[in-house]
Amino acid sequence: MSKKIEHIMVIGAGQMGAGIAQVAAMSGFTVTLHDVKMAMAEKGIEGIRKRLERDVEKERISESDLARFMRQIQPSDQIGNAEKADLIIEAAVENMEVKKNIFAQLDGVAQKHTVLATNTSSLPITELAAATKRPEKVIGMHFMNPVPVMKLVEVIRGLQTSDATFKTVETVAKAMKKTSVEVNDFPGFVSNRVLMPMINEAIFTVYEGVATPEDVDQVMKLGMNHPMGPLTLADFIGLDTCLYIMEVLHDGFGDDKYRPCPLLRKYVNAGWLGKKSGRGFYTYD
Ligand code: CAA
Ligand code: NAD
C-alpha cells in the first residue's frame with residue numbers, strides 16, 4: 001500500500017507554485033515551497049499571506065485559520081529538503097532541460113516512496129520520467145491558474161507511471177477539492193492543445209492589424225462569454241509560458257498550424273512577459 005501523503009514540496013515559487021502551496025496548506029498538508037533563491041521562496045509565501053488576508057477580510061477564513069495555514073508553509077532554497085517530502089510537485093519554468101535537471105536531482109535526494117509530479121503545461125511526462133530511476137513514480141499534475149479558484153487538475157500518466165502513483169495524485173487532488181481528469185501523454189495534453197492555439201490566433205489578429213488587443217478581448221468576452229479575453233489571459237498566464245507551450249506543440253506535432261506568432265516571440269524577447277513583468281499586451285502597475 002502507498003504511504004499516506006503528509007508533506008508536499010513545491011518546486012518553483014512563481015504564480016503556480018505559490019498557488020499550489022497555498023491550496024496544499026489549506027488542505028492540511030505540511031508544505032515546503034522551494035525556489036532557487038530564498039528571497040523568491042519568501043516572495044511566494046508573502047503573496048500567499050496577502051491572498052489569505054483578503055480571505056480573512058471577506059470572512060471566508062478566520063485569523064486563526066490564516067495563522068495555521070502560514071505555519072504549515074516553510075520556504076526553501078536547498079534541494080536537499082526534498083528528503084522530507086512524500087509528494088513533490090515541480091512548478092518551475094516550462095523548459096525541458098531545466099525540468100530534467102530538477103527531476104534528476106530530486107530523484108537522488110527524495111525517499112524511495114516519494115512521488116515526483118510536474119505541473120508542466122505541455123512537456124512530455126514520459127521523457128521527464130526517463131531523467132529519473134523511478135519512472136513509475138513520475139506523473140503530470142497540471143493545475144490551472146489561479147490555482148485557488150480553478151477546479152481542474154489534468155492528470156497525465158507517462159508510459160511507465162504506476163496505478164499506485166496515479167491513485168496517490170488523484171487522492172491528493174481530491175483532498176485539495178479539485179476535480180481530476182485523466183488525459184494521455186501528448187504535447188499540450190487537452191487543456192493547452194485547445195486553449196493555446198486560440199490565444200496564438202488572437203495574437204495573429206493583432207499582428208495582422210485585424211483589431212486592437214482591447215477589441216479582440218471584447219469580441220471574445222461579450223461574444224463568447226469568456227471570463228477574460230485571450231490577450232488578457234495570455235498576459236495572465238505569462239507570455240514566456242505561452243511561447244514555450246506553442247513551441248512544444250509545434251515541435252511535438254511537426255505541424256505548422258502551431259507556429260508561434262512572431263509578435264509573441266518579439267514580446268518575450270523584449271522581456272514583455274505579461275502581468276508578472278508589468279507589460280505584455282497591456283501594462284500593469
Ligand atoms: N489568486 C487567487 N484568487 C484569485 C486570483 C488569484 N490570482 N484572482 C482572482 N481570484 C479570486 C478571488 O477570490 C476573487 O474574489 P474576491 O475579489 O472576492 O477576493 C475571485 O477570484 C473573482 O476575482 P475578480 O472579481 O477579481 O475577477 P473575475 O471575476 O474576472 O475572476 C478569474 C478572476 C477567476 C481569474 C476569471 O477572470 C477567470 O476565470 N479567468 C480565466 C482563467 C483561466 O482561463 N485560467 C486557465 C488558464 S490556462 C492554465 O492555467 C493552464 C496552463 O497551463 C497555461
Ligand atoms: P513563473 O515564471 O511565475 O514561476 C516560475 C518559478 O520557478 C520562478 O519563481 C523561478 O525562480 C522558479 N525556478 C526556475 N528555475 C528553477 C529551479 N531550477 N529550481 C527551482 N525553482 C526554479 O511561472 P509559472 O506561471 O508559475 O509556471 C510554472 C510552471 O507551471 C510552468 O511549467 C508552466 O508551464 C506551468 N503552468 C503555468 C500556468 C500559468 O497559467 N502560468 C498554468 C499551469 C501550469
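The residues in region 129-156 that are over 28 Å from Ile48 (Cα atoms), touching a helix residue (DSSP H, G or I) at 6+ places or on another chain (Cβ under 6 Å) and either touching a residue at least 40 places away in the same chain (Cβ under 8 Å) or outside any loop (DSSP other than H, G, I, E, B) (or both) can be counted, and the count is 3. So, of the residues in region 137-191 that are of a type in the set (Lys, Arg) and surrounded by 15 or more Cβ atoms within 10 Å (Cβ to Cβ), which turns out to be farthest from ligand 1 (Cβ to nearest atom)? Out of the qualifying residues, it is Lys137. In region 188-206, the residues that are under 22 Å from Thr118 (Cα atoms) reach residues that are of a type in the set (Ser, Thr, Tyr) with C-beta atoms within less than 6 angstrom, at least six apart or across chains, in these pairs: Gly188/Ser122; Asn192/Ser121; Asn192/Ser122.
For Lys99, are the conditions met, namely being within 14 Å of ligand 2 (Cβ to nearest atom) and assigned to a helix (DSSP H, G or I)? Yes: the conditions hold for Lys99. Out of all the residues in region 157-173, which are farther than 14 Å from Glu90 by Cβ, touching a residue at least 24 places away in the same chain (Cβ under 8 Å) and not in a strand (DSSP E or B)? The answer is Leu159, Gln160, Thr161, Ser162, Ala164, Thr165, Phe166, Lys167, Thr168, Thr171, Val172, Ala173.
Read-outs throughout are calculated quantities, based only on the coordinates presented, and are distinct from any laboratory measurement. On a predicted model such as this, the values are computed, not experimentally measured, just so you know. Glycine also receives a Cβ, built like all others from the backbone with ideal geometry; neighbour counts cover every protein chain displayed.
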